[in-house]
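S.K.: Below is the structure I would like to discuss, written out as structure tokens.
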Amino acid sequence: MESINNYSNYIGGAWLPPQRGQMTISVNPANRNEVVGNIPLSTRDDLDKAVTAANDARAAWRKLSGAGRGAFLYKAADILERRLDEVGRTMTREMGKTLAEAKGETARGVAILRYYAGEGMRKIGDVIPASDADAFMFTTRVPLGVVGAITPWNFPVAIPLWKIAPALIYGNTVVWKPASETAVTSVLVMECFHEAGLPEGVLNLVIGGGKEIGQGLAEHPGVQGITFTGSNAVGKSVGQAAFARGAKYQLEMGGKNPIIVAADADLDLAADAAISGGFKSTGQKCTATSRVIVVKDVYEAFRDKLVEKTASIRVGNGLSETTWLGPCANEKQYETVLGYIRSGKEEGAKLLLGGTPPEEEELRDGFYITPAIFEDVDSRMAIAQEEIFGPVLSLMKAADLPEAIRLANDVQFGLSASLYTKDIASALAFVQEMDAGLVRINAETAGVELQAPFGGMKDSSSHSREQGQAAIEFFTSIKTVFMKP
Ligand SMILES: NC(=O)c1ccc[n+]([C@@H]2O[C@H](COP(=O)([O-])OP(=O)(O)OC[C@H]3O[C@@H](n4cnc5c(N)ncnc54)[C@H](O)[C@@H]3O)[C@@H](O)[C@H]2O)c1
Ligand SMILES: O=CCCC(=O)C(=O)O
């Protein structure tokens with residue numbers, strides 16, 4: 001029997017167990033009987049210690065040049081790259097995505113670190129001519145101070161790093177609260193920063209419950225900025241707590257992303273995109289496709305292609321090379337997805353295939369669901385309005401492209417949206433009229449580029465942008481300097 005490791009928090013440059021000694025477990029969703037590790041169940045005492053360490057580290061870290069801070073990020077990138085297989089394997093064991101996807105995400109984390117390491121050498125202000133000819137006026141940027149990063153389990157490397165890397169390069173110190181479902185993965189990422197020699201207190205990891213540690217961060221008077229990614233319900237609570245005490249906050253939340261198939265679309269490409277966007281990572285991406293809106297002229301032909309291709313998807317343990325679709329990340333998500341499949345049938349949608357646990361005996365102990373496709377989906381149904389965050393696609397029929405865009409906009413969310421068409425006028429109309437932060441033509445709804453602004457509209461976001469050079473807007477404040485001799 002393989003021994004199960006105990007994992008700790010990382011506070012003030014030291015690996016520390018939770019002060020009250022409470023621990024819990026991280027479980028493999030491919031086999032609920034497999035414990036990945038014993039992880040901290042931290043309390044506010046642990047959080048206070050981390051926030052104090054982050055505040056103590058602020059002055060020295062801020063004094064470093066951008067290039068000086070970037071040197072640590074380059075080192076962390078090299079170490080993470082060296083440990084890519086180990087981190088990817090741990091990610092798969094903790095949240096179920098296939099090993100290929102997990103390693104791809106880890107490589108993306110390496111690229112994010114290197115991108116922001118380079119940002120330390122970019123300009124941070126402008127010279128603006130003053131009306132007084134004897135004066136010199138310019139802008140510069142200063143860090144917020146201590147930033148709290150609250151991150152989800154579905155991209156346990158890429159999302160924390162697209163928050164932590166810009167926070168650090170622009171001179172902030174960080175307290176990071178990862179999702180407990182992927183706590184061991186977060187420890188491995190933290191080890192890379194530790195090995196890179198990041199000064200103590202600059203980055204701190206506190207593993208614990210959402211209410212206790214996440215909300216504790218949002219409420220903490222020693223934290224000047226909160227960057228949150230997660231569900232709308234939690235995001236609202238985090239944002240309200242930060243706003244109540246005047247802290248800066250950014251929230252990136254749910255999606256209900258459509259792909260529109262126009263009458264002139266390449267149906268094979270569109271079907272492949274719907275499957276990749278809807279079922280990769282078991283549909284557990286904020287940018288995942290969940291609604292497939294097809295213009296009626298090509299509906300039956302497209303539907304048949306989609307069903308035929310989906311029926312060949314292989315479900316299994318993400319560590320197996322033959323697996324295309326892994327388990328849901330945890331039992332809560334598994335039950336949520338099964339609940340939406342029930343409600344889809346109860347509301348009158350027709351389940352064309354999938355939506356059940358697989359029959360294979362060797363998969364009985366995992367949170368597996370076969371990929372599901374509904375048709376006859378009305379826009380008012382729960383499966384058309386609410387984020388499912390699982391391997392479920394809802395087919396909807398539109399009379400024409402204008403109605404398809406109207407249906408696509410008929411939700412509270414606005415994160416990502418795709419259109420498959422060969423017509424430039426249709427593409428331009430979609431770009432103009434689709435209310436989403438990511439608008440993609442002949443490309444699936446998922447697939448975020450680290451160098452470009454990322455974020456949602458409507459209820460998907462608090463309307464700042466992450467990633468690329470856009471990240472500087474959240475993690476710094478602008479100072480306008482007016483100087484006379
Ligand atoms: N828009 C994006 O960029 C994006 C990216 C990934 C995931 N998501 C969203 O995240 C959700 C799935 O991730 P999840 O299940 O980890 O989300 P979640 O909201 O349950 O948890 C997100 C983080 O918040 C913490 N948390 C939980 N309860 C809290 C509370 N009361 N106060 C403060 N923090 C709390 C969690 O421990 C975790 O670290 C989906 O809705 C998905 O759309 C959005
Ligand atoms: O889960 C949200 C992030 C989505 C993402 O990174 C992608 O689509 O690549």
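S.K.: With respect to the numbered conditions (1) away from ligand 2 (no atom under 16 Å from the Cβ); (2) part of a helix (DSSP H, G or I); (3) under 25 Å from residue 93 (Cα atoms), which one is the sole condition not fulfilled by residue 204?
M.R.: Going through the list (1) away from ligand 2 (no atom under 16 Å from the Cβ); (2) part of a helix (DSSP H, G or I); (3) under 25 Å from residue 93 (Cα atoms), residue 204 breaks only (2).
S.K.: For the condition part of a helix (DSSP H, G or I), of a type in the set (A, V, I, L, M), touching a residue at least 40 places away in the same chain (Cβ under 8 Å) and assigned by TED's automatic domain parsing to the domain that holds residue 212, what is the one hit in 53, 59, 30?
M.R.: Going through 53, 59, 30 in turn, just one is part of a helix (DSSP H, G or I), of a type in the set (A, V, I, L, M), touching a residue at least 40 places away in the same chain (Cβ under 8 Å) and assigned by TED's automatic domain parsing to the domain that holds residue 212: 53.
S.K.: Could you list, in sequence order, all residues of region 465-485 that are surrounded by 17 or more Cβ atoms within 10 Å (Cβ to Cβ) and either among the polar types (S, T, N, Q) or outside the structural domain of residue 229 (by TED's automatic domain parsing) (or both)?
M.R.: 467, 476
Listed here are the residues, each with its yes/no results for (1) assigned to a loop (DSSP other than H, G, I, E, B); (2) farther than 26 Å from residue 305 by Cβ; (3) under 29 Å from the mean Cα position of the chain (by Cα).
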site: 365; (1), (2), (3): yes, yes, yes
site: 373; (1), (2), (3): no, no, yes
site: 390; (1), (2), (3): yes, no, yes
site: 395; (1), (2), (3): no, no, yes
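S.K.: Failed condition for residue 328, given (1) out of contact with any Asp or Glu (no Cβ under 7 Å at 6 or more places or on another chain); (2) away from ligand 2 (no atom under 16 Å from the Cβ), with all others met?
M.R.: Answer for residue 328: the failing condition is (2).
S.K.: Now, a different point. Taking region 142-163 as the region of interest, how many residues are touching a strand residue (DSSP E or B) at 6+ places or on another chain (Cβ under 9 Å) and either of a type in the set (Gly, Ala, Ser) or away from ligand 2 (no atom under 15 Å from the Cβ) (or both)?
M.R.: So the count comes out to 8.
S.K.: What are the pairs with Cβ atoms under 6 angstrom where one residue, in region 183-202, is over 20 Å from residue 37 (Cα atoms) and the other, located anywhere, is buried (at least 24 other Cβ atoms within 10 Å of the Cβ) and hydrophobic (A, V, I, L, M, F, W, C)? Sequence gap at least six, or different chains.
M.R.: 193/76; 193/203; 196/76; 201/54
S.K.: A further question on this structure: Before we move on, is residue 436 in contact with a Phe, Trp or Tyr (Cβ under 9 Å, 6 or more places away or on another chain) and either without any contact (Cβ under 8 Å) to a residue 24 or more places away in the chain or of a type outside the set (Ser, Thr, Tyr) (or both)? Talk me through it step by step, then tell me what you get.
M.R.: Working: in contact with a Phe, Trp or Tyr (Cβ under 9 Å, 6 or more places away or on another chain): yes; either without any contact (Cβ under 8 Å) to a residue 24 or more places away in the chain or of a type outside the set (Ser, Thr, Tyr) (or both): yes.
Yes; evaluated as a whole, the condition is true for this residue.
S.K.: Is region 212-228 home to any residue that is within 15 Å of ligand 2 (Cβ to nearest atom) and aromatic (Phe, Trp, Tyr)?
M.R.: We begin by selecting, within region 212-228, every residue within 15 Å of ligand 2 (Cβ to nearest atom); these are 227-228.
Remaining after also requiring aromatic (Phe, Trp, Tyr): 228.
The answer is yes, given that some residue of region 212-228 is within 15 Å of ligand 2 (Cβ to nearest atom) and aromatic (Phe, Trp, Tyr).
S.K.: Among 52, 106, which is the only one that is of a type in the set (S, T, N, Q) and under 23 Å from residue 321 (Cβ atoms)? If you could, list the steps in order and put the result at the bottom.
M.R.: Values: 52 fails: under 23 Å from residue 321 (Cβ atoms).
From the options 52, 106, the qualifying one is 106.
S.K.: Being away from ligand 2 (no atom under 11 Å from the Cβ) and not in a loop (DSSP other than H, G, I, E, B) is the filter; apply it to region 434-455 and report the residue that is surrounded by the most Cβ atoms within 10 Å (Cβ to Cβ).
M.R.: If we take residues in region 434-455 being away from ligand 2 (no atom under 11 Å from the Cβ) and not in a loop (DSSP other than H, G, I, E, B), then 439 is surrounded by the most Cβ atoms within 10 Å (Cβ to Cβ).
S.K.: Give region 275-312 a look and list any residue that's buried (at least 18 other Cβ atoms within 10 Å of the Cβ) and either modelled with pLDDT under 95 or assigned to a loop (DSSP other than H, G, I, E, B) (or both), or say none.
M.R.: Within region 275-312, 284, 285, 286, 287, 288 qualify.
S.K.: Please pick out the residue among 164, 226 that is touching a Phe, Trp or Tyr at 6+ places or on another chain (Cβ under 7 Å), within 21 Å of residue 462 (Cα to Cα), β-branched (Val, Ile, Thr) and more than 11 Å from ligand 1 (Cβ to nearest atom).
M.R.: Working: 226 fails: more than 11 Å from ligand 1 (Cβ to nearest atom).
Just a single option satisfies the conditions, and that option is 164.
S.K.: I've got another one for you. Which members of region 277-325 meet the condition of being within 13 Å of ligand 2 (Cβ to nearest atom) and of a type in the set (Val, Ile, Thr)?
M.R.: Result: 282, 287, 289.
S.K.: Next question. Considering only region 390-407, I want to know if a residue exists there that is under 30 Å from residue 123 (Cβ atoms) and either touching a Phe, Trp or Tyr at 6+ places or on another chain (Cβ under 7 Å) or within 16 Å of ligand 1 (Cβ to nearest atom) (or both). Give the steps one after another, and end with the answer.
M.R.: Kept after step one, since they are under 30 Å from residue 123 (Cβ atoms), are these residues of region 390-407: none.
No.
S.K.: Something else now. Listed residues 122, 108; which is of a type in the set (Lys, Arg) and surrounded by 14 or more Cβ atoms within 10 Å (Cβ to Cβ)? Lay out the reasoning, then the answer.
M.R.: Details: 122 fails: surrounded by 14 or more Cβ atoms within 10 Å (Cβ to Cβ).
108 is the lone residue from the list that is of a type in the set (Lys, Arg) and surrounded by 14 or more Cβ atoms within 10 Å (Cβ to Cβ).
S.K.: Here's a follow-up. When residues of region 248-263 are filtered for being more than 10 Å from ligand 1 (Cβ to nearest atom) and out of contact with any helix residue (DSSP H, G or I) (no Cβ under 8 Å at 6 or more places or on another chain), how many remain?
M.R.: 0
S.K.: Which number in (1) of a type in the set (S, T, N, Q); (2) buried (at least 24 other Cβ atoms within 10 Å of the Cβ); (3) in contact with a strand residue (DSSP E or B) (Cβ under 7 Å, 6 or more places away or on another chain) marks the one condition that residue 139 misses?
M.R.: So residue 139 meets the others, but not (2).
S.K.: List the number of the failed condition for residue 335; all other conditions in (1) within 16 Å of ligand 1 (Cβ to nearest atom); (2) part of a loop (DSSP other than H, G, I, E, B); (3) without any contact (Cβ under 8 Å) to a residue 12 or more places away in the chain hold.
M.R.: It fails just one condition, (2).
S.K.: Something else now. Quick check on this structure: which one of 344, 326 is more than 17 Å from residue 396 (Cβ to Cβ) and either surrounded by fewer than 21 Cβ atoms within 10 Å (Cβ to Cβ) or assigned by TED's automatic domain parsing to the domain that holds residue 378 (or both)? Outline the logic, then answer.
M.R.: Details: 344 fails: more than 17 Å from residue 396 (Cβ to Cβ).
Checking each option against the conditions leaves just 326.
S.K.: A further question follows. Please work out which residue is surrounded by the fewest Cβ atoms within 10 Å (Cβ to Cβ), limiting yourself to region 423-433 and to residues that are part of a helix (DSSP H, G or I) and in contact (Cβ under 8 Å) with a residue 12 or more places away in the chain. Explain how you work it out, then say what you get.
M.R.: First, the residues of region 423-433 that are part of a helix (DSSP H, G or I): 424-433.
So of that shortlist, the ones also in contact (Cβ under 8 Å) with a residue 12 or more places away in the chain come out as 426-427, 429-430, 433.
Values: 426: 22, 427: 17, 429: 16, 430: 24, 433: 14.
The selected residue is 433.
S.K.: If you take the residues in region 232-261 that are without any contact (Cβ under 8 Å) to a residue 40 or more places away in the chain and among the small types (Gly, Ala, Ser), which one is nearest to ligand 2 (Cβ to nearest atom)?
M.R.: 233
S.K.: Go through region 254-274 and count every residue that is assigned to a helix (DSSP H, G or I) and under 30 Å from residue 233 (Cα atoms). Can you show your working first?
M.R.: Step one: of region 254-274, the residues assigned to a helix (DSSP H, G or I) are 267-274.
Among the residues that remain, those that are also under 30 Å from residue 233 (Cα atoms) are: 273-274.
The total comes to 2.
The values are calculated or read from the model by the stated rules, or taken from the named source; none is laboratory data. Note that this is a predicted model, so its numbers are computed, not measured. Every residue, glycine as well, gets a Cβ built from its backbone with ideal geometry; the counts of neighbours run over all protein chains shown.
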